[in-house]
1. Among the residues of the stretch 240-255, count how many are more than 11 Å from ALA301 (Cα to Cα) and more than 23 Å from the chain's Cα centre (by Cα).
2. Please indicate, with yes or no, whether at least one residue in the stretch 543-565 is closer than 30 Å to PHE362 by Cα, of a type in the set (S, T, N, Q) and out of contact with any helix residue (DSSP H, G or I) (no Cβ under 7 Å at 6 or more places or on another chain).
3. Which one of GLN411, GLN395, GLN356 is outside the structural domain of LEU521 (by TED's automatic domain parsing), modelled with pLDDT of 90 or more and not aliphatic (A, V, I, L, M)?
4. Given the criterion touching a helix residue (DSSP H, G or I) at 6+ places or on another chain (Cβ under 9 Å), closer than 30 Å to LEU521 by Cβ, aliphatic (A, V, I, L, M) and in a helix (DSSP H, G or I), identify the matching residue among ILE387, ILE322, ILE298.
5. For the stretch 372-400, how many residues are over 30 Å from the mean Cα position of the chain (by Cα), within 25 Å of SER323 (Cβ to Cβ) and crowded, with 16+ Cβ neighbours inside 10 Å?
6. Within 43 Å of the chain's Cα centre (by Cα), touching a residue at least 12 places away in the same chain (Cβ under 8 Å) and more than 21 Å from HIS636 (Cα to Cα), is that true of GLU490?
7. Based on what the data block shows, is VAL280 over 29 Å from LEU396 (Cβ atoms), outside the structural domain of VAL462 (by TED's automatic domain parsing) and not small (Gly, Ala, Ser)?
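The values are calculated or read from the model by the stated rules, or taken from the named source; none is laboratory data. This one's a predicted model, so the numbers in the text were calculated from it and none came from an experiment. Note that each Cβ is placed from the backbone with ideal geometry, even for glycine, and that neighbours are counted across all protein chains shown.
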Amino acid sequence: MNINSNMSNNKCNKRARSSSPDDYKEQHAEYINLILEDSLNTSIFEKKNEQEKNKDFEIEQINVETLIDTDDLVEEMELKLYVGQEFQTWPDAEKFLNEYSLAKGFSIRRKRTETLVENGIKIIIPSPSITLAKHRKLNENMIEFINFCVSHGITNVRNIRNLLSGQFPGRNINQKCLHNAIQAAKKNLTIRQEFDASDMLQYLYTQKANDPRWFIEAKFDEPEHRLCGLIWMSPEQQHVWTRYHDIIFFDTTSRTNRYNMVACFFAAIDNCNRTRLVAVALLEDETEESFVWALEMINKATGNLVPRVVFTDSDPAMSNAISLIYPNSAHCLCLFHIDLNLKKNLRSKLTTKVFQEFRKDFFKCRNTLASAVFEVRWKNLKEKYSIISGYLNRQLDPLKAKWAICYINIQFTAGANSTQQIQQLLDNEANYVRVQEYKDEIPSVGLENVTKRYFASIEKIVSDYLMAPMVIPICKQMQECFYYDAFILEITQWETIIKTHTEDDYSEGVREDHYELAKILFSDIMATITKSEIVEIWRIVVSCGAKSQYVILISDGSHRCTCNLLITHGYPCRHFYKVLRTSPNAKWHIGLISNRWYKDDKIISNSAIHQAPISLCSNTLDNEIISNTGSFDLGHITKIRGNELYTPDLQELNNNRIKYGRAHGMMKKVINLALATNSYEELIGMCQDFLVSKQEILGNQNRAEEVLNNVELNVANPVITVRKGRPAGRVKSAVEIQDKENRKSCLKSVDFNIQRNREIQSDSSRDNRKTCHNCGQKGHNRATCKSTG
């Protein structure tokens, strides 16, 4: 097949239509010449001289004799394009031109063309080929490789992209096309769906058979024995709940699975300040009844260990369930979800500009430290934005004691104000820009050396009692105390301080996220102590700054600071360490740090009460004075924190769980050894003798196996509820319609098809036969009318 260079200067040929092969070749010859002209950046080919014609004729004769395959041609000719080049088929020619255009930085496509300019054609400016639609697509080999990865359990986009880059070096991989290919590959997987519920229960009860300490509880729809509720806790999760159940995070994800069930997650914070998952539940809906069932099952698994603080979103059903099951627990709402719901429900009603003003006013009201002032501001906020007062009265007003800082700043929360605990910790670390600036300004003495030089004895005790992740933030408070100046005040000035320490009207976000703002008013602290208990009052000011905090030293060894770190986080703040370096009356004791941060062995030994208080003074930079005199019972802090959480009974319970796990693991090794050495009968005899002599500890054997045999074979899957549109709360798939205009056009086409079907159905009931204009009857026309005379 020869490609000629002659081309008309008046008009390009149009798209090829169905015709003979010769016509097809003739119609496309000029189209390929156009591509040649664009790639060589010339206006139009001039007439060839006789020498060029002879050269082209020789090349043509060689190619006719040896019909070179396109694939070999690409490799041998290194993507060289010349006039007179031949291909076996048109697909081969198109494939070669695609490869050539990709290498040269442009693409080709078929289209109807305009009349050419008399002396040339319009030159296409080359663009990066990776952005052209033709070259963004993944080839068949890459699609096959993606299917292979997905079928073998590799579905992470980053991992597959790295594997593709290594398997196909030099090829561009478009992110959106990669997402589409992965989603398409997932749809081709064959998944056993008929027995999902049975498979899951069988797996869980198998775990319980291997370790009876597992807690598993299921709820079924009796007529069909269909799974409608499931909750489980592993032995490790039960241990964590027993040890750290003072703060619990309760969050849900709705309709993120095939059966649209609600996944409930319960988490706690351990003594390394890590978020630990302590229970998982699957519920059929988000009603109060379902949440009550889940909390009752947790009480059953943990022996009615009630948390002190529970964080949830603003779901009313969840709030009612917590008030019923945990009536004495402090319930705090997640500020992240509150802010998210405000944007979702109110921005469209107020417009974006007005909503931004409302959001500032709302956080100004929420950050109010005095309850009386908060009530006035909350009332004024509802009156100012009356158009949304219905939402505020319905959703936020009944629960205001659970999200306003003036009501929740007396609770120990480990520094959390949201169920997004992990992200919050990362954000707090990113906001400490001021500390990093001081590090850069003082390079001569690293902050890591400050603690060892000025707080050596305290650091030694802290490292002995706490886990390494908690030593870091506590030592950080010691380091930062050198960024402040301390001024002692007369005790008689406490009334004046109350008048001056008032609201600061912070409205830029959550008050707890701002490092230097006061978290409690001085007047609220004075309401919990008497004047006779005050030893000293200090005003701590940021060096070269205006923001200040107040520290009150109490006679029983306790202290209070308006930053409230000692109450909310459970360890002393940087302002107290500044006073400790300045005043001989300030004393540090390990009891100032909440024992929920201690190592387990330190709690069991109860060695904290034997530690002597430490007093430091700036006059002795290198010597630390340890004082054993004076009363130091920390009665004020103990009263606020409440009774001990990890009681000796709970310690014994966890120790028994640990012993059980060790004995269970050892028994499995003994059984394997007995089978390997043919000593099975001897082992059984020893066990039977032990059981006979210890009848009082024998009970409820083989329960896990009975449950496994009776439950897992007769469970039906939950009902799949198909809802209109994309399910809420689910990440949208890459293969779904994401463009707004395309979605509108798709909906319009659906409406058009529905209307068209209705018209067809209505017309089908009518008589659509021909109507004769001569006689007016149906079934014939005027030409065949019998009435025509």
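1. Residues in the stretch 240-255 being more than 11 Å from ALA301 (Cα to Cα) and more than 23 Å from the chain's Cα centre (by Cα): 4 in total.
2. Residues of the stretch 543-565 that are closer than 30 Å to PHE362 by Cα, as a first pass: 545-551, 560-565.
Adding the requirement that they be of a type in the set (S, T, N, Q) leaves 548-549, 562, 564.
Within this subset, residues satisfying the condition of being out of contact with any helix residue (DSSP H, G or I) (no Cβ under 7 Å at 6 or more places or on another chain) are 548, 564.
Yes, because at least one residue in the stretch 543-565 is closer than 30 Å to PHE362 by Cα, of a type in the set (S, T, N, Q) and out of contact with any helix residue (DSSP H, G or I) (no Cβ under 7 Å at 6 or more places or on another chain).
3. Working: GLN411 fails: modelled with pLDDT of 90 or more; GLN395 fails: modelled with pLDDT of 90 or more.
From the options GLN411, GLN395, GLN356, the qualifying one is GLN356.
4. On inspection, the qualifying residue turns out to be ILE322.
5. Total meeting the criteria: 3.
6. When the stated conditions are applied, GLU490 does not pass them.
7. Numbers: over 29 Å from LEU396 (Cβ atoms): yes; outside the structural domain of VAL462 (by TED's automatic domain parsing): yes; not small (Gly, Ala, Ser): yes.
Yes; evaluated as a whole, the condition is true for this residue.
Matching residues to (1) of a type outside the set (Val, Ile, Thr); (2) assigned to a loop (DSSP other than H, G, I, E, B); (3) touching a residue at least 60 places away in the same chain (Cβ under 8 Å); (4) in the same structural domain as LEU102 (by TED's automatic domain parsing):
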| residue | (1), (2), (3), (4) |
| --- | --- |
| PHE148 | yes, no, no, no |
| ILE160 | no, no, no, no |
| LEU163 | yes, no, no, no |
| GLY166 | yes, no, no, no |
| ASN172 | yes, yes, no, no |
| LEU178 | yes, no, no, no |
| ILE182 | no, no, yes, no |
